[in-house]
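Colleague: Handing you a structure now.
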Amino acid sequence: MHKKLNELQATAICGNDISSSCLYVSALTIGFAGQYAWISLLIVALVLFLFRKIYVEVVGALPLNGGAYNVLLNTSSKKIASVAAILTVLSYMATAVISASEAMHYLHNIFGGLPVEMATIIVLALFTILAIIGIGESAIVAVVIFLFHLISLTLLVLTSLYFVFSHGFDTFHLNWQMPVNPRGIIYTLFLGFSVAMLGISGFESSANFVEEQEVGVFRKTLRNMWGIVSFFNPVIALLLIAIIPFIELGEHKESLLAYMGHTTGGEWLSWLISVDAVLVLCGAVLTSFVGVSGLLKRMTLDRILPNYFLKENKNGSCYRIIITFLILCISVLVATNGDLESLAGVYTFSFLAVMALFGIGNLLLKIKRKKLPRPERANGLIVVIAIGFIVTGFIGNMLLNEDAFKTFIKYLIPALLFVMLMLSRSMLIQLSLDLVEYFYNPIRKFAVISNRYLRKLHRKIHSQEFVFFTKGDNVAILNKVMQYVQNNETTRKLKIVNIKKREECNEALKKDLEVLDRAYPEIHIEFIELDGTFGPELIDELSKKWNIPKNFMFIGSPGDKFSYRVSDLGGVRLIM
């Protein structure tokens, strides 16, 4: 049994994802909310605070991997739970690809000429290997990245504070006087809040690998993540307002914090923030691999996915899940040509939907599983309010980027179809069997009837008897008769008839026929001796007696002394 994660390790794994939002969410929020961006970010921090109790209650009652999938599985149907799982997987896919790509864009700023797309694939492959090695080893890397990131952000904040107090608040006053959205400050805050919701992506990650954490650690990871984003995101937004004029934001939006570091601390701080961005974004990639591994393993155990994915290595990692996730990430990267806006659409709507479904799962837990023990209970009204905030953010992002929402739907529908097929596979197999039976039964009936008819016809054809009248011919002639019958007629029985006088004895003929009977086992030879005279009367009599048509009776060519013409024999054939 592998070692459980402690508070620092678990916080680092999920914290790298949510804390990496500090690199871009402040700039994005300022772009929509302007000087009021920090208020929007504080509202997001409030929402996150509400969700802390929601998550603690659910995971405390159901301490299993899976997050929203887990709670919905235990309070609703497997199909509804699968929707949450699909959204979570889509969120992780988009997170992994966006984070890896953004990290390589930052690295490209440091090392020009870096092929971004190929480098992104290499980063995804490296973290696949790290995830396969084991979560314990992954946690060590995550901790190093996490601590470096916190140190870098702290240095940036301290340096920026010193810069502001040294250079005054002129820039702050200038930015504060900028006009807001014509629709008013409430609408401005609404837009800022919608965009700022990106800052809590990753908060749901801890619930997806709770089984790998030590007892009591999960609650602390939520507290730590909330504290980090509640402090750094609003503070960095305020510092940006105080240091960089809004007219300059557009020029540096892709690496705004690096520019902020260059402005306040010089080249060394800009370089430090760029390196930190590369590392922490890579840490977010690791979070995706760890989180999706726990979720998909749980789904496989619940028979939503094939048992093929449960194979583990000696470190306890489900490497087939991790490799499959890598393939999916690369396919998404190739399909979108690395277009970050398309990926961001999948990313934003997926995790917001997951958060809302988690809140709904909490309400269902209160209603359907009242007696289930839990360490803490979230107030029902607070849960509804929290869900309302998430829905508001979802609608806001739809209004801001309709194309991104369409991209999200394009990825969601095929994923839903796949999982629905997996959930319905038993019914589909039975339906296939019924269809096969439906089409096969008439064919089988036709085959049985045809088989009987053909066999009967075959037996009838072979049951027809033939007659050869011999004059006591030698074995060579009789052998030619047998060859003729075998090559030209379909029968299993041949009567060889010898018309003799009373005093004649044909012992030699009998012995020859016994030899021929053994030589032609497929044709039974019946030797018949009759007293009398060969002629039309005898042929007619035997034909009626044996029910053998005269044309199935053979003779050898008659000599000059034969008393009858061939036509007098009623159709008897000459074969020799």
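The values are calculated or read from the model by the stated rules, or taken from the named source; none is laboratory data. Not measured: the values here are computed from a predicted model. We place every Cβ from the backbone using ideal geometry, glycine too, and count neighbours over all the protein chains shown. Accessible surface is based on the protein model in full, side chains and every heavy atom, while ligands, DNA and RNA are left aside. Shrake-Rupley method; radii C 1.70, N 1.55, O 1.52, S 1.80 Å.
Colleague: Only loop residues by DSSP count here, and only those with at most 15 other Cβ atoms within 10 Å; note down the chymotrypsin sites (Phe, Trp or Tyr not before Pro) in the stretch 504-576 that meet that. Could the numbers behind the result be given before it?
Modeller: On the way: sites: Phe527, Phe534, Trp546, Phe552, Phe554, Phe562, Tyr564; in loops: Phe534, Phe562, Tyr564.
Passing sites in the stretch 504-576 are Phe562, Tyr564.
Colleague: Just grab the label-to-label distance for Met427 and Arg492, each label 7 Å out from Cα along the Cβ direction, in nm (one decimal).
Modeller: Once both label points are built, they end up 5.4 nm from each other.
Colleague: Right, something else. In a shell of Cβ-Cβ distance under 11 Å around Ile321, excluding Ile321 itself, what net charge do Lys and Arg (+1) and Asp and Glu (-1) give?
Modeller: Details: positive: Lys297, Arg298, Lys311, Arg320; negative: Glu312.
Summing Lys/Arg as +1 and Asp/Glu as -1 gives +3.
Colleague: Here's a follow-up. May I ask you to compute the full-extension gain from Val475 to Phe246, defined as 0.36 nm times their residue separation minus their alpha-carbon distance, rounded to one decimal in nm? All intermediate terms of the calculation are to be shown ahead of the outcome.
Modeller: Details: separation 229, 0.36 × 229 = 82.44 nm, distance 12.01 nm.
Fully extending the segment from Val475 to Phe246 adds 70.4 nm.
Colleague: May I pose another question? Output the Cα-based Rg and Dmax of the chain in Å, rounding Rg to one decimal and Dmax to a whole number.
Modeller: Both quantities, over Cα of the chain: 44.9, 151 Å.
Colleague: If R₀ is 41 angstrom, what is the calculated FRET efficiency for the pair Ile382 and Lys4, using the beta carbon separation as r and rounding to 0.05? Intermediate values should be presented prior to the final figure.
Modeller: Values: r = 31 Å, r/R0 = 0.74.
Result of the calculation: an efficiency of 0.85.
Colleague: Which FRET efficiency, nearest 0.05, do Leu161 and Ala125 yield, Cβ-Cβ r, R0 35 Å?
Modeller: On the way: r = 40 Å, r/R0 = 1.15.
With R0 = 35 Å, the Cβ-Cβ based efficiency is 0.30.
Colleague: Just the C-alpha atoms of the stretch 261-315: what Rg/Rh do they give, with Rh taken as the Kirkwood radius? Provide the component values of the computation, followed by the final result.
Modeller: Working: Rg = 19.3 Å, Rh = 14.1 Å.
Taking Rg over the Kirkwood Rh, I get 1.37.
Colleague: Let me spell out the model: positive unit charges on the Cβ of Lys and Arg, negative unit charges on the Cβ of Asp and Glu, origin at the Cα centre of the stretch 354-399. What dipole size does that give, in debye rounded to 20? Please list the in-between numbers first.
Modeller: Working: 7 positive and 1 negative charges, 85 e Å.
About 400 debye.
Colleague: Hey, can you rank 396-404, 416-424 by average C-beta count inside 10 Å, highest first? Working shown, then result.
Modeller: Details: 396-404: 16.2, 416-424: 14.0.
Put in order of decreasing packing, that is 396-404, 416-424.
Colleague: Quick one: check the C-alpha center-to-center distance for the stretch 462-490 versus the stretch 419-443, whole angstrom.
Modeller: The two parts, judged by their Cα centres, are 58 Å apart.
Colleague: Which pairs break 21 Å Cα to Cα here: Lys480/Lys511; Lys493/Lys550; Lys79/Lys406; Lys53/Lys406; Lys78/Lys368; Lys471/Lys561? Present the calculation step by step, with values, prior to reporting the outcome.
Modeller: Details: Lys480/Lys511 17 Å; Lys493/Lys550 16 Å; Lys79/Lys406 23 Å; Lys53/Lys406 33 Å; Lys78/Lys368 15 Å; Lys471/Lys561 13 Å.
Too far apart for the 21 Å limit: Lys79/Lys406; Lys53/Lys406.
Colleague: Can you give the extra length, in nm with one decimal, that the chain gains between Leu435 and Asn551 once fully stretched, where that is 0.36 nm per residue apart less the Cα-Cα distance? Before the final figure, lay out the partial values.
Modeller: Numbers: separation 116, 0.36 × 116 = 41.76 nm, distance 5.25 nm.
Additional length available on full extension: 36.5 nm.
Colleague: Using a basic spin-label model with each label point 7 Å from the Cα along Cα→Cβ, how many nm lie between Ile323 and Arg573?
Modeller: Here the answer is 7.0 nm between the modelled labels.
Colleague: Would you mind working out the magnitude of the charge dipole of the stretch 400-544 relative to its Cα centre, with +1 at each Lys and Arg C-beta and -1 at each Asp and Glu C-beta, to the nearest 20 Debye?
Modeller: That gives the stretch 400-544 a dipole magnitude of about 580 debye.
Colleague: Now a separate question. Roll a 1.4 angstrom probe over the protein heavy atoms and tell me the percent of accessible area of the chain that is carbon or sulfur. Can you show the working numbers first?
Modeller: Numbers: 17250 of 27540 Å².
That share works out to 63 percent.
Colleague: Residue separation times 0.36 nm, minus the C-alpha to C-alpha distance between Lys314 and Ala335: what's the value?
Modeller: Numbers: separation 21, 0.36 × 21 = 7.56 nm, distance 3.42 nm.
This chain segment gains 4.1 nm when fully extended.
Colleague: Cross-link candidates for Lys4: which aspartates and glutamates have Cα within less than 16 Å, leaving aside residues fewer than 8 places away along the same chain?
Modeller: The qualifying aspartates and glutamates are Glu137, Glu211, Glu212, Glu214.
Colleague: For a 31 Å ceiling on Cα separation, which of these pairs sit above it: Lys3/Lys366; Lys456/Lys545; Lys314/Lys366; Lys445/Lys495? Walk me through the numbers before you get to the answer.
Modeller: Details: Lys3/Lys366 33 Å; Lys456/Lys545 24 Å; Lys314/Lys366 40 Å; Lys445/Lys495 39 Å.
Over 31 Å Cα-Cα: Lys3/Lys366; Lys314/Lys366; Lys445/Lys495.
Colleague: Can you compute the helix-only [θ] at 222 nm over the chain? Use -39500 (n - 2.57) per DSSP H run of at least 4 residues, normalise by all residues, nearest 500 deg cm²/dmol.
Modeller: On the way: 20 runs with 395 residues, N = 576.
Result for the chain: -23500 deg cm²/dmol, rounded to the nearest 500.
Colleague: On to the next question. Can you find, among Gly67, Ala196, Asn6, the residue sitting farthest towards the positive end of the charge dipole of the chain, where Lys and Arg contribute +1 and Asp and Glu -1 at Cβ?
Modeller: Gly67
Colleague: Can I ask one more? At what distance in nm do the modelled label points of Lys511 and Val144 sit from each other, each positioned 7 Å from its Cα along Cα→Cβ?
Modeller: Modelled inter-label distance: 10.5 nm.
Colleague: Using the per-residue mean of other Cβ atoms lying within 10 Å as a proxy for protection, in what order, highest first, do the peptides 385-393, 189-197, 516-524, 241-249 fall?
Modeller: On the way: 385-393: 19.7, 189-197: 25.8, 516-524: 13.0, 241-249: 17.8.
Result, highest mean Cβ count within 10 Å first: 189-197, 385-393, 241-249, 516-524.
Colleague: Enter the Cα centre distance for the pair the stretch 377-403 and the stretch 1-79, rounded to the nearest angstrom.
Modeller: If you average the Cα positions of each part, the centres end up 14 Å apart.
Colleague: Determine, from the Cβ-Cβ distance of Ala447 and Glu541 and an R0 of 41 Å, the FRET efficiency 1/(1 + (r/R0)^6), rounded to the nearest 0.05.
Modeller: On the way: r = 45 Å, r/R0 = 1.09.
It comes out at approximately 0.35.
Colleague: How large is Rg over Rh for the stretch 1-89, taking Rg from the Cα atoms and Rh as the Kirkwood inverse mean of 1/r across Cα pairs? Let's see the in-between values first.
Modeller: Details: Rg = 16.7 Å, Rh = 15.7 Å.
Answer for the stretch 1-89: 1.06.
Colleague: Solvent-accessible area per residue for the chain at a 1.4 Å probe radius, Å²? Don't skip to the end; give the middle numbers.
Modeller: On the way: 27540 Å² over 576 residues.
Roughly 48 Å² per residue, with all protein chains present.
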